[in-house]
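So the structure is just underneath, and the comments pick up after that.
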Amino acid sequence: MAKNQNLDICAFCGRTEKEVTMLIPSGVYQDVYICDQCLNMIHSHIEELKRVAGDNKAAADNAPQKQAEIPKPKEIKAFLDKYVIGQDSAKKYLSVAVYNHYKRLNQPTDDDVDIEKSNIIMVGPTGTGKTLLAKTIAKLLDVPFTIVDATVLTQAGYVGEDIESLLTRLLQAADYDVAKAERGIVFIDEIDKIARKGDNPSITRDVSGEGVQQGLLKLLEGSIVNVPPQGGRKHPEQRMIPVDTKNILFICGGAFDGIDQKIAHRLNTHTVGYSTDKAKARINRDNYLEYVAPQDLKSFGLIPEIIGRLPILTHLDPLDRDALRRVLTEPNNAITRQYVKLFGMDGVKLTFTDEALDYMVDKAIEYKLGARGLRSIVETVMIDAMYEIPSSKKRSLDVTKDYVAEKLAVTNLEILSQTIV
């Protein structure tokens with residue numbers, strides 16, 4: 001470093017040590033210095049840059065955000081149609097409820113009209129698509145969505161999970177952003193499993209039935225709930241996260257096995273009047289669920305308070321033969337498409353003949369396995385091929401009716417199905 005009359009100088013401005021108050025040496029290079037005046041100038045520049053950056057950020061935060069386009073009910077239903085066969089009534093109710101939920105979150109607050117949320121309860125036999133509808137609609141939403149199981153919930157103080165823990169999943173889906181979670185959607189599956197076990201609730205303490213229903217009331221209605229961040233049980237020393245459920249939409253689903261008998265009993269009790277026989281003649285006795293009403297849920301074991309907080313009641317129809325046949329091939333995630341993809345990853349072309357598909361559907365109906373049973377049948381048919389072909393040089397496989405019959409004949413599926421009532 002050059003010297004001016006053997007004086008140290010600032011490497012930035014060139015001032016000598018006599019012209020400044022202080023020279024600060026470099027910790028890396030010898031004879032390299034910076035003066036206090038240059039340090040003050042650099043500090044001023046940094047503060048100015050921070051101020052400008054802060055103003056720009058504040059302006060961006062205060063700028064009106066472009067509202068994301070809300071999917072219309074028909075758009076939501078069209079998306080559901082790609083993955084779920086049939087169930088048009090349930091899809092319409094679900095699409096409208098989700099659409100109204102979006103609008104409710106964006107409602108203006110400059111008037112006296114407050115749009116209340118409309119929680120939903122879906123009733124339908126197992127294997128008709130209740131959980132699939134929930135999982136499918138979660139792909140479309142830009143709000144936090146979670147699916148929880150009601151069977152693990154118990155009343156506070158008993159073995160199991162507290163009712164508030166179901167909001168833990170929603171917090172996790174929102175990356176623990178409370179404000180975002182408070183605008184989410186919760187699907188409570190197996191809601192029928194918390195039905196009241198007896199007609200007289202005062203005899204014993206129903207900790208996994210009516211006790212859970214009582215605890216769900218404040219969540220469904222809307223209140224500030226203390227949620228354990230990791231779920232499970234509450235502890236006095238545990239840090240809780242307060243969550244306001246006012247703007248959380250709850251969708252409940254359950255099989256309600258046996259409720260069709262209660263519906264039939266209710267329909268057959270109206271025997272007074274000349275129009276009774278004509279009214280009975282219009283009843284579809286193959287599907288009593290389409291006549292489900294809140295009083296049927298009450299007779300099944302749901303308390304009136306929780307029924308009142310689930311104002312929208314819809315049903316899912318049992319799947320007939322045509323619907324089961326479509327389930328095999330039409331949805332984007334149809335089971336046959338999944339196996340075609342699995343075999344394609346090994347370089348094998350897999351095809352199913354129409355006769356083979358019809359035969360598998362007939363067996364599903366014969367075994368009374370429903371839509372879930374279709375996967376069991378296809379898995380049983382394909383297990384040998386999935387075991388052998390990856391190690392062979394075979395590059396194609398045609399699944400015919402004879403092939404399906406041969407594979408099913410050597411399994412215990414038919415014997416096991418005879419135990420199904």
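The values are calculated or read from the model by the stated rules, or taken from the named source; none is laboratory data. For clarity, every value in this text was computed on a predicted model and none was experimentally measured. FYI the Cβ positions are ideal-geometry reconstructions off the backbone, even for glycines, and counts take in every protein chain you see. These accessible areas exclude ligands, DNA and RNA; they are computed on the full protein's heavy atoms, side chains included. Shrake-Rupley method; radii C 1.70, N 1.55, O 1.52, S 1.80 Å.
Overview of values
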| quantity | calculated |
| --- | --- |
| Percent carbon-and-sulfur accessible area, the range 289-419, ignoring ligands, DNA and RNA, probe 1.4 Å | 51 percent |
| Distance violations [Cα-Cα > 21 Å] among K74/K130; K135/K218; K135/K298; K82/K193; K193/K298; K82/K117 | K135/K218; K135/K298; K82/K193; K82/K117 |
| Neighbour cut-off at most 11 other Cβ (10 Å), DSSP loop, chymotrypsin sites (Phe, Trp or Tyr not before Pro), the range 9-39 | Y29 |
| Residue-count net charge about V378 - beta-carbon cut-off 12 Å; Lys, Arg +1, Asp, Glu -1 | +4 |
| Extension gain (nm, one decimal) between R266 and N106, 0.36 nm per residue minus Cα-Cα | 53.5 nm |
| Gyration tensor (alpha-carbon) shape descriptor, the range 298-421, a/c threshold 1.5 | prolate |
